[in-house]
Every structure is written in structure tokens, then in C-alpha cells.
Amino acid sequence: LRAYLREESARLRRLARFYEKVQALHQDPKASVDNPLLAFSLIKRLHSDWPNIIYSDEATENTQALHAGFKEVEQELPGAEDLDGAARALMRLQDVYALSVKGMANGVFQRAGTGRPPLYSPGRRISLSADDCFHVGKVAYDTGDYYHSIAWLEEAVSLFRLSYGSWNPEDRSSLEDALDHLAFSYFMAGNISHALSLSREFLHYDPSNQRVARNVAKYEKLLEMGTVGLAGGCHGPPSHHCPPSHVLLGPLSPQPASERLLHLGCSYETNGSPYLLLQPAKKEMVWIRPYVALYHDFISDAEAETIKGLAGPWLQRSVVASGEKQQKAEYRISKSAWLKDTADPVVRALEQRIAAVTGLDLRPPYAEYLQVVNYGLGGHYEPHFDHATSRKSPLYRMKSGNRIATVMIYLSAVEAGGSTAFIYANFSVPVVKNAALFWWNLRRNGDGDGDTLHAGCPVLVGDKWVANKWIHEHGQEFRRPCSADPQD
């Protein structure tokens, strides 16, 4: 684009010089073509100079060079799926953190309807254009999500009104487009009178549009008949805190606060391992039931960067277990890669550290490879269990039992959002760079622990990287033996 602007600017300067030369020749109204030199230059100018200017290929060549440069990088650019996914991510952040759409458009992460300070104040505020807001609203509109389409298209209409009459070459939409989609969104949501007023505003700008004119007549007729709503209208935003529909659990008894606080604290732990004698693990007990511990400074900055670098080239869209198969799902938005302990000495050292801290056997097939996950724009994982809830789960293919424990290592810091939330236990753990979060997925009797239902909250600001190590039942019989109490 820089080269194109340079060449086009040079072409326009040459064109301006030709214009100034011709204009100068016409300044004297008394000039006569009796002068043979003047007559010759006029005839030549009209016969060849002027057509050469009009039919010059220079502008076309500059445009072709711009197109050729674009073609070279086109395959590396984001696609429609990426753009729509980014729009859905903004709507997800809007819902989960109750953000004001107007605030987001102004570059502020402010809770809707409150005077409280913003959740996050960026050093450099980035505002969204009317066309940006229109695209987010259009993604919602195309999926029949009129709750979100109304909020974002309202903002698009408001911004387009402020700048009406100006034109941005990058925009694909206009005030008319935003009014058209917003009017129909209100109609589908049951607000016919507002759909009518927006459609009338549309006709003010585009009176010849027959489709919208027919809509106006239809809305007027519906209002005369007393129709005030539509079946199947908007039901509000989807719930982002409910467990998946296949999870059926009875009520869980919360542990008394006094009993819980009694056992919470921080300590240096060796866990009986010679590996930890010189540098004990820094353990913080986060919760008792379920048992959740956070090990601070579990990994160094250099080790974290090495693991991210190893995983980077292999990152692919994350999948989830679905029956006997694994597939992509909207409720898990991330990219992941798997690293064997032979991938690098850093991975091998990390596995030894996990074994020392947990006291569990990580030798194949007792544990899965290290999974490295990157949660990008609005990346999240809705409530789920790490352990299998069905014997048909792909997790049993290893023939080493269910996942008994999880170790999640935070490889990066995030500026806002991204916490790990334990839904039924009603607490969350923020991202602590270089720390490792540990919890038991199974009770001592081998049953899944319903209290471990957890979610990865959407990343509001930042780039979240984690490394997961899932440890299975087999091989742990004498390291975490069953209790004498079958209910334990």
C-alpha cells in the first residue's frame, strides 16, 4: 500500500503539472492562434497529448502491482471464519463480564448500567468504527441472535448517523445497511413500532427501495391489527454459567466456611522427594473440597517460553470428547498441541517436577502427553469435567483408567479475565504466571468428584497460555490408595 501510494502520488503530480501548463496557456484571453507555434501546440495537445493522459496505463499498472502484492500474502491473512469468530468473542465478553456495548465501542471495558470503575483500562484506547459494530451485529443477525444484533446494530446506527455524508474506502456497510438490519431485528424481537420508525428513516435516505417500503406497509398493518409481539422472539442472552446439558448431579453440600479456612494456608513442601529438598515447592492451599492447590514459581520464564516455542508450530483448534469421538465445539475456543517428554530436556524436567510435587507415577501410559493450549481473543472453555463421565469416552483408550488428577501450568500472564472457575464449589483462581494449579478429579473410591466442574473464563485482555498434564488412575494404586470409607 505504501508503494502504491508513492507511485500514485507521483502520477497525480505529473497530471497536475500538465493541467497547470494547459491552464497557463489559456490565461490570456487575447491569445490568438494566428501564431503558428501556438496553433501547432494546441493541435498536438488536442490530438495526442490529451488522449495520452486519458488512456494512460500508469494507473492500471499501479493498481495491478497493488493486487499482485496482496495475492502474495493473501493465503496468510485471516479468513471469514476467523473474523466471525472474533465477532462472537466480543459478544461472549459482553455477556460474561456484563460489558456495555457503547463502552466497548469507545474502547472501555465498563460494566453496563453501573458507575463503577472499568474492569480494565487500556493504556492506548482503541475504539470501534460504525462498520466494525455493524459486522459484529451482522454475525449475530445471521444466526438469529437478535438480542446481540440489536445491541451492536444500535451502536452502528448511532455512529453512522454522526458521520453521515463522509465515506471511508474500507467500509463495506452504510447507515442504510445498519438501519435495514436493525429494523428487522426489532421486528423479530417483537418491537414492531420501533421497526417501523427505523424503516421510515431508511426510506428517507433510499426512497426507491421497494422491499423496505413493503415492510413499512406490513408493520403499519400489524400495528393497526393490535399485534404487539411475535412468537419465537428474543429470549435474552444465552447462559454462560450453566453446566452442559448432559451433566446431571444432585445438590452438593458446601463445606462450612470455618472448617475450610482452618486448613487454608501456604507452606514449603518437599513431599518426601529428594528432588525438592534443596528447592521446596511453594504450595498455597486454595480449597479443601474439592482439593485444589496452587504451586507458585513452578516453572521459570525461560522454561515457559521454551514450551510455548515448541508448541507454537503444532497448534491446532482444540477438540472435546463427544461420545466416542472428538470434535471441535463452540464452547471450547482455543488452540492446542501435544508435547512428548522426548521433545526437549525442558519438557522432561517439567515432568519430573510434576511427579515430585504430586507424588504420582507419570510414566507411560499412566499419564497423557503435555498439552499446551493458547486461548486467544475471547478464548474460553465452558463448564466441564476433566475426568470421563461415560465408559465410552475416548479417555479410556489408553487402558489406564480415568483421569485421577489435573496439573494446569500458567505459562503467561493475562491483564484481565481468564480465571479458572470451579462452578459448584463457587470459587475461581486467577491466572498466576509460572504457577501450577493441581486438583483431584476423582474421589478416593474412584467416583468422579462433581465439585470439580470447572470452566476457563474468557480472556478479556491478554494472551493466555497453559500447559495441562492429565494423570490417570492406573499406576497410582499405592500412591493414592483407596480409603477405608467407601463413601470417601
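The values are calculated or read from the model by the stated rules, or taken from the named source; none is laboratory data. Everything numeric in this text was worked out from a predicted model, so none of it was measured. Note that each Cβ is placed from the backbone with ideal geometry, even for glycine, and that neighbours are counted across all protein chains shown. SASA here: full protein model, heavy atoms, side chains in, ligands and nucleic acids out. Shrake-Rupley method; radii C 1.70, N 1.55, O 1.52, S 1.80 Å.
Probe radius 1.4 Å, ligands and nucleic acids ignored: give me the carbon and sulfur share of the accessible area of the chain as a rounded percent.
Values: 15220 of 27830 Å².
Taking all protein chains in place, the chain shows 55 percent carbon and sulfur surface.
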Worksheet entry | Using alpha-carbon coordinates, inclination of helix 301-311 to the longest axis of the chain, degrees | 70 degrees
Worksheet item: Gap in Å between the Cα centre of region 337-357 and the Cα centre of region 22-87?
Response: 62 Å
Item to complete: Would you mind classifying the chain by shape? Square roots of the alpha carbon gyration tensor eigenvalues, ordered a ≥ b ≥ c; an a/c under 1.5 is rounded, otherwise it is prolate if a/b is larger than b/c and oblate if not.
Response: prolate
Discussion item. Could you compute how fast region 251-472 diffuses translationally, taking Rh as the Kirkwood radius over C-alpha pairs and applying Stokes-Einstein at 4 °C with viscosity 1.567 mPa s? Give it in µm² per second.
Written reply: 72 µm²/s
Discussion item. Accessible area per residue for region 251-472 in Å², computed with a 1.4 Å probe and the full protein assembly in place, what is it?
Written reply: 46 Å²
Worksheet item: Using Cα atoms only, what is the angle between the long axis of helix 130-142 and the major principal axis of the chain, expressed in degrees (0 to 90) to the nearest 10?
Response: 60 degrees
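Given LYS308/LYS399; LYS71/LYS464; LYS71/LYS308; LYS340/LYS433; LYS138/LYS221; LYS399/LYS433, which pairs have Cα atoms separated by over 25 Å?
Details: LYS308/LYS399 29 Å; LYS71/LYS464 32 Å; LYS71/LYS308 30 Å; LYS340/LYS433 23 Å; LYS138/LYS221 27 Å; LYS399/LYS433 34 Å.
In this structure, LYS308/LYS399; LYS71/LYS464; LYS71/LYS308; LYS138/LYS221; LYS399/LYS433 exceed 25 Å between Cα atoms.
Let me know the charge dipole size of the chain about its Cα centre in debye, to the nearest 20, where only the beta-carbon of Lys, Arg (+1) and Asp, Glu (-1) is charged.
Values: 52 positive and 56 negative charges, 89 e Å.
Value, rounded to 20: 420 debye.
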Worksheet item: Against the longest alpha carbon principal axis of the chain, how many degrees, from 0 to 90 and to the nearest 10, is the axis of helix 192-205 turned?
Response: 30 degrees
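When ligands, DNA and RNA are left out and all protein chains stay put, how many square angstrom of accessible area per residue does region 87-168 have with a 1.4 Å probe?
On a per-residue basis, region 87-168 sits at 50 Å².
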